[in-house]
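Peer 1: I am attaching a structure below and will ask some questions about it afterwards.
The values are calculated or read from the model by the stated rules, or taken from the named source; none is laboratory data. Remember, predicted model here, so these are calculated numbers, not experimental data. Cβ placement follows ideal geometry from the backbone for every residue including glycine, while neighbour counts extend to all protein chains displayed.
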Number of protein chains: 2
Amino acid sequence: MERIDSTSNQRIKNWAKLLQKKERDKTGLFLAEGDHLIEEALKVGIVDVILSEHPDQYRFDHVIEAPSHVIQKLCSSRSGTASVAVCRMEEPSVLQPDRVLILDGIQDPGNLGTLIRTARSFGFDAVVTSETSCDLYNEKVLRSTQGAVFQIPVVRRNLSDYVSSLQKQGVYVIATTLAEAVPMKEMNVSDKMAVILGNEGNGVSLELQKQADQRVRIEMSGFESLNVAVAGGILMYQLQKQVKI
Amino acid sequence: MERIDSTSNQRIKNWAKLLQKKERDKTGLFLAEGDHLIEEALKVGIVDVILSEHPDQYRFDHVIEAPSHVIQKLCSSRSGTASVAVCRMEEPSVLQPDRVLILDGIQDPGNLGTLIRTARSFGFDAVVTSETSCDLYNEKVLRSTQGAVFQIPVVRRNLSDYVSSLQKQGVYVIATTLAEAVPMKEMNVSDKMAVILGNEGNGVSLELQKQADQRVRIEMSGFESLNVAVAGGILMYQLQKQVKI
């Protein structure tokens, strides 16, 4: 088995650059940290190479043994993970979805990852983010998805164009807002639905609010304030198609 | 107006110690960072002193002007906030609550804060955390609550004793689990309810699962995995008492 012992190794230096968005975008590669994410990435066949302190645990044909300080060079968190994988981004296809989560400018990596995980859990077909949302391959986003990111298509689009194209396909689009909105219990539910959630500070852009077929708000008894990932969870729970009882 | 220009000032040194849990527990004081949290703390009268680069913005009788580097000495985040307040912890009383959120070993500060914020939004009367949950006065917890922490009683208890006492008061206690649980749509709903949510990795402890009146799971169509703050949001939405439509 191959072994790399030094952080001066040229390949380690190149892979470490993948901690930056610019380099990820240029190469189409990203890093997955920790056993759980690597296992999920292996299932969908996007792993190029695994570096690990415990290489024998992986059944994969390209594993490199490396000591802790070399692994840490490729990790953004300080969690002391023993393995990291170099993976390929793959542009997923989103064909005629019945349930779509649309994210307009989500900034917090934890919120983005949690929303992707929730969309997967409630059987949504795709997640579509605006060009202003935070980067999907950020380590904290990947970790918060708990691997769901490899099991549901997530794409970045111009949302105004994308919402128009959904509407032409007969998808009913709702936007979450606080003002001029119907309570969630009264919202129209259709066979094909898309939900737009907005930026943590500013909500859904006015343009998309106008474009949506309905504006919906979550009924609250107290404080008019919910975290966007919580609001998304409540809506997606209501809209899931086939529920396992 | 008083002004402090040096981080060597003895009061600054003492207040900076409040960034550590041990010192907060010893003194009963904590730090609230940023305008929004400080405004919320002022509303409930728990502020001792405010330090700010822009002291004129506060109508309060004990404001100290301080430059950025002094303020930063009292802040755990690198967000560059211009104000910080020294506040008093107050043990709230939780008398005969009708809706209680019980948190068994929540570890992530963002999850704890978000759950407190959501409980407030859905009109819950109190949040009760186990002695193993993360510290309430951690800066990230306070920030994630968005100030809701000052508007809903949050107390730390031995949960087994606390659940027994609730049951004696006629409160129906549900625990969220994945196994041997009824789907949420079929759960019993009573006038007085408590919901137990568990640790991010291990869920609700077996002891509390047994003690609960009913075990409930959130129906999912996909992946069997939800973030605990999302799961809590879905349950609390269903259980809120008076909904403003």
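Peer 1: Could you figure out which of (1) surrounded by fewer than 16 Cβ atoms within 10 Å (Cβ to Cβ); (2) closer than 28 Å to B:Met89 by Cα isn't true of B:Ala179?
Peer 2: Here B:Ala179 meets the rest and fails (2).
Peer 1: Ok, one more. Would you please name the residue that is farthest from the other protein chains (Cβ to nearest Cβ), looking only at residues in the stretch B:109-143 that are in contact with a Ser or Thr (Cβ under 9 Å, 6 or more places away or on another chain) and assigned to a loop (DSSP other than H, G, I, E, B)?
Peer 2: Taking the candidates together, the pick is B:Ser130.
Peer 1: Considering every residue within the stretch B:225-238, establish whether at least one is surrounded by 19 or more Cβ atoms within 10 Å (Cβ to Cβ), more than 13 Å from chain A (Cβ to nearest Cβ) and within 28 Å of B:Thr145 (Cα to Cα). Walk me through how you get there before you give the answer.
Peer 2: Pass one, the stretch B:225-238, residues surrounded by 19 or more Cβ atoms within 10 Å (Cβ to Cβ): B:226-237.
Those still in the list that are more than 13 Å from chain A (Cβ to nearest Cβ) too: none.
No; the residues of the stretch B:225-238 include none that is surrounded by 19 or more Cβ atoms within 10 Å (Cβ to Cβ), more than 13 Å from chain A (Cβ to nearest Cβ) and within 28 Å of B:Thr145 (Cα to Cα).
Peer 1: Same structure again: Looking at the stretch B:8-55, which of its residues are part of a loop (DSSP other than H, G, I, E, B) and without any contact (Cβ under 8 Å) to a residue 60 or more places away in the chain?
Peer 2: Residues of the stretch B:8-55 part of a loop (DSSP other than H, G, I, E, B): B:8-9, B:20, B:28, B:34, B:44-46, B:53-54.
Hits for the stretch B:8-55 are B:Ser8, B:Gln20, B:Gly45, B:Glu53, B:His54.
Peer 1: For residues in the stretch A:222-241 being under 24 Å from B:Asp125 (Cβ atoms) and among the polar types (S, T, N, Q), which is nearest to the chain's Cα centre (by Cα)?
Peer 2: A:Asn227
Peer 1: While we're looking at this one, here's another question. Filter the stretch A:82-101 down to the residues that are of a type in the set (A, V, I, L, M, F, W, C), out of contact with any helix residue (DSSP H, G or I) (no Cβ under 6 Å at 6 or more places or on another chain) and in contact (Cβ under 8 Å) with a residue 12 or more places away in the chain, then identify the one that is surrounded by the most Cβ atoms within 10 Å (Cβ to Cβ). Talk me through it step by step, then tell me what you get.
Peer 2: Kept after step one, since they are of a type in the set (A, V, I, L, M, F, W, C), are these residues of the stretch A:82-101: A:82, A:84-87, A:89, A:94-95, A:100-101.
Of the ones still in play, those that are also out of contact with any helix residue (DSSP H, G or I) (no Cβ under 6 Å at 6 or more places or on another chain) are A:82, A:89, A:94-95, A:100.
Those left that are additionally in contact (Cβ under 8 Å) with a residue 12 or more places away in the chain: A:82, A:89, A:94, A:100.
Working: A:Ala82: 19, A:Met89: 14, A:Val94: 18, A:Val100: 23.
That would be A:Val100.
Peer 1: From the list B:Ser221, B:Ser160, pick out the single residue that is of a type outside the set (D, E, K, R), within 14 Å of chain A (Cβ to nearest Cβ) and out of contact with any strand residue (DSSP E or B) (no Cβ under 9 Å at 6 or more places or on another chain).
Peer 2: It is B:Ser221.
Peer 1: Could you tell me whether B:Lys13 is closer than 30 Å to B:Val230 by Cα and basic (Lys, Arg)? Walk me through it before giving the result.
Peer 2: Numbers: closer than 30 Å to B:Val230 by Cα: no; basic (Lys, Arg): yes.
Answer is no for this residue.
Peer 1: Still on this model: Considering only residues that are on the phi > 0 side of the Ramachandran plot and not polar (S, T, N, Q), which ones fall in the stretch B:140-163? Quick ask: steps written out before the conclusion?
Peer 2: The initial filter retains those residues of the stretch B:140-163 that are on the phi > 0 side of the Ramachandran plot, namely B:146-147.
Passing the criteria: only B:Gly147.
Peer 1: Residues of the stretch B:195-213 being in contact with an Asp or Glu (Cβ under 9 Å, 6 or more places away or on another chain) and within 14 Å of chain A (Cβ to nearest Cβ), which ones?
Peer 2: B:Leu197, B:Glu200, listed by residue number.
Peer 1: Of all residues in the stretch A:104-142, count the ones that are among the basic types (Lys, Arg) and farther than 11 Å from A:Ile152 by Cα.
Peer 2: Just the residues of the stretch A:104-142 that are among the basic types (Lys, Arg), to begin with: A:117, A:120, A:140.
Still in the running and farther than 11 Å from A:Ile152 by Cα: A:140.
Looking only at that region, the number is 1.
Peer 1: Right, another one. Condition check: away from chain A (no Cβ under 13 Å) and either of a type outside the set (Gly, Ala, Ser) or surrounded by fewer than 22 Cβ atoms within 10 Å (Cβ to Cβ) (or both). Does B:Lys192 satisfy that?
Peer 2: So B:Lys192 passes the test.
Peer 1: Would you check if A:Val230 is in contact (Cβ under 8 Å) with a residue 12 or more places away in the chain, outside the structural domain of A:Lys22 (by TED's automatic domain parsing) and on the phi < 0 side of the Ramachandran plot?
Peer 2: On the way: in contact (Cβ under 8 Å) with a residue 12 or more places away in the chain: no; outside the structural domain of A:Lys22 (by TED's automatic domain parsing): yes; on the phi < 0 side of the Ramachandran plot: yes.
No.
Peer 1: Kindly establish whether A:Gln146 is buried (at least 20 other Cβ atoms within 10 Å of the Cβ), at the interface with chain B (Cβ under 10 Å from one of its Cβ atoms) and not small (Gly, Ala, Ser).
Peer 2: Values: buried (at least 20 other Cβ atoms within 10 Å of the Cβ): yes; at the interface with chain B (Cβ under 10 Å from one of its Cβ atoms): yes; not small (Gly, Ala, Ser): yes.
Spelling it out, A:Gln146 is indeed buried (at least 20 other Cβ atoms within 10 Å of the Cβ), at the interface with chain B (Cβ under 10 Å from one of its Cβ atoms) and not small (Gly, Ala, Ser).
Peer 1: Follow-up question, since we're still on this one. Among the candidates A:Leu166, A:Leu208, A:Leu178, single out the residue that is part of a loop (DSSP other than H, G, I, E, B) and over 19 Å from A:Thr118 (Cα atoms).
Peer 2: On the way: A:Leu166 fails: part of a loop (DSSP other than H, G, I, E, B); A:Leu208 fails: part of a loop (DSSP other than H, G, I, E, B).
Exactly one of A:Leu166, A:Leu208, A:Leu178 is part of a loop (DSSP other than H, G, I, E, B) and over 19 Å from A:Thr118 (Cα atoms), namely A:Leu178.
Residue by residue, here is whether (1) assigned by TED's automatic domain parsing to the domain that holds A:Leu136; (2) more than 24 Å from A:Arg157 (Cα to Cα); (3) more than 18 Å from the chain's Cα centre (by Cα); (4) surrounded by 12 or more Cβ atoms within 10 Å (Cβ to Cβ) holds:
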residue	(1), (2), (3), (4)
A:Ile4	no, yes, yes, yes
A:Lys26	no, no, yes, no
A:Val44	no, no, no, yes
A:Ile50	no, yes, yes, yes
A:Glu53	no, yes, yes, yes
A:Gln72	no, yes, yes, yes
A:Ser76	no, yes, no, yes
A:Gly80	no, yes, yes, no
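Peer 1: Right, next: Quick one: is B:Val216 within 13 Å of another protein chain (Cβ to nearest Cβ) and modelled with pLDDT of 95 or more? Write out each step before concluding.
Peer 2: Values: within 13 Å of another protein chain (Cβ to nearest Cβ): yes; modelled with pLDDT of 95 or more: yes.
The answer is yes for B:Val216.
Peer 1: Got a sec? Which of B:Leu42, B:Leu19, B:Leu51 is touching a helix residue (DSSP H, G or I) at 6+ places or on another chain (Cβ under 7 Å) and closer than 29 Å to B:Glu91 by Cβ? Before you say what the answer is, go through the steps one by one.
Peer 2: Numbers: B:Leu42 fails: touching a helix residue (DSSP H, G or I) at 6+ places or on another chain (Cβ under 7 Å); B:Leu19 fails: touching a helix residue (DSSP H, G or I) at 6+ places or on another chain (Cβ under 7 Å).
Going through B:Leu42, B:Leu19, B:Leu51 in turn, the sole match is B:Leu51.
Peer 1: Right, next: Looking only at the stretch B:74-108, how many residues end up being modelled with pLDDT of 95 or more, closer than 26 Å to B:Ile4 by Cβ and either assigned to a helix (DSSP H, G or I) or within 14 Å of chain A (Cβ to nearest Cβ) (or both)?
Peer 2: Residues meeting the conditions: 0.
Peer 1: Considering only residues that are of a type in the set (S, T, N, Q) and touching a Leu at 6+ places or on another chain (Cβ under 8 Å), which ones fall in the stretch A:1-39? Let's see the steps before the verdict.
Peer 2: First, pick out the residues of the stretch A:1-39 that are of a type in the set (S, T, N, Q): A:6-10, A:14, A:20, A:27.
Selection gives A:Thr27 alone.
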